[in-house]
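All of the numbers you see were taken from the coordinates with simple rules; none came from a lab. Just so it is clear, the model here is predicted, and its values are computed rather than measured. Cβ: placed from backbone, ideal geometry, glycine included. Neighbour counts: every protein chain shown.
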Amino acid sequence: MTDEILAPAASPDESSASPVVNGESDVHRLSYGGKEIILIGTAHVSKKSAETVERVIREEKPDTVCVELCESRLAAIRKPDSWRDMDIVKVIREKKVFLLLSHLLLASFQRRIAKNMDIKAGEEMIRAIKTAEEIGSAVVPADREIRVTLSRAWRLLKLKSRFKLFLELLGGLSEADDITEADIEALKEKDALELLLKEMGEIMPELRRVLIDERDLFLAEKIRTAPGEKIVAVVGAGHVPGISKNWEEEIDIEALTVLPPKSRLKSVFMWGLPIVIMALMAAGFMYAGKGVGANMILWYVATTAVLAGLGAAAAFAHPLSIAAAIVAAPLHPIHPTIASGWISGLTEAWVRKPQVKDLEAIPQDIESFSGFWRNKVTRILLVAAFTNLGAMLGTFVAIPLMIRIFGKG
């Protein structure tokens, strides 16, 4: 992947980079092709960062202000009620439940920290946009589209890593309230930040590459090619080392926006597992007798149905949604594209009927565990996700049971 993105470095006379500026460790001055770039490394829930951003923009009066936002996130800031446009049924049908839940959990973690700090999440970006517009500077979103970033991360993560990430995000919610303003400011210090990224890289190297390394490249290219002779760029402090490191490199930005192909292993698994289950059932009838075959089917149906139902119940699903999960779970071998979570989630959406007020309440409700279950929209996502988890667990439990019954027959 790296070979597709990076080419030989640009010549020294075309670009240069040197981190300095008024003795502030979070403000850096760079240059590229005759342009002057002031790079500000921020913490997204820091009052000090927000104040620094506004002061630097007013003092420098740049032609352009680049912000670590993509087009859609910039639009969301300018139109806070954009949650109303969410099509929950479409999310379920396109099997993006885990993707959206991961995004909401990340947002929840940031919002809870910001609430403790008595500041809006992303206040420094909001302040940068407002100040730029007040002094007549152009605003350029310099980050990769969030949908592309999350999709690349999701496709590159193995199944085990996806569950691990989901659990890490859930666990992080309980720790958000313990983070202090001093902790936030400490994260902007280079040593602490590099240690944090190193730990992330060791736990999930594929995730770090997509969320940090690739975006470093994307941000560097968008910032240095932004219009104007003087540019102020506002990015998270975690991206500053990577941007500086790649500042003189030639970057193929198109390669960073291509979605990797879906894993063949996933397709083999999706279709192969049902074939294995059906083959076991058939073998039971053919070689061990009707009683053994029927018993194998009974255990498979009971195990997958019960665990899928428990998954839906754990999300406090409506009784009809739980029933739908129980009925749909054993059908997977008949048609692998039928996901029990898809059925239970759509049933929950039909029964609960989310309203506009539920969409509007998402930003506030995701600040707490109870809010995820209280909000009709996020509860639908949880019902779909937990049902799928239960059904998958049921399948993995059922197969050894079926083999054991076959062996005894």
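Brief remarks on what is shown
- Nearest-0.05 FRET efficiency for residue 290 and residue 134, computed from C-beta distance (R0 56 Å): 0.10
- Extended-chain gain in nm, criterion 0.36 nm per residue less alpha-carbon gap, residue 257 and residue 225: 9.8 nm
- In this simple spin-label approximation, residue 335 and residue 282 carry label points 7 Å from Cα along the Cα→Cβ vector, and these lie 2.1 nm apart.
- The range 264-408: C-alpha gyration tensor shape, a/c 1.5 cut-off, then a/b vs b/c: prolate
- Virtual spin-label span in nm between residue 316 and residue 78, 7 Å along Cα→Cβ: 3.8 nm
- Its relative contact order, with pairs defined as Cα atoms under 8 Å and 6+ residues apart, puts the range 264-408 at 34 percent.
- Distance (nanometres) between label positions extended 7 Å along Cα→Cβ at residue 58 and residue 71: 3.3 nm
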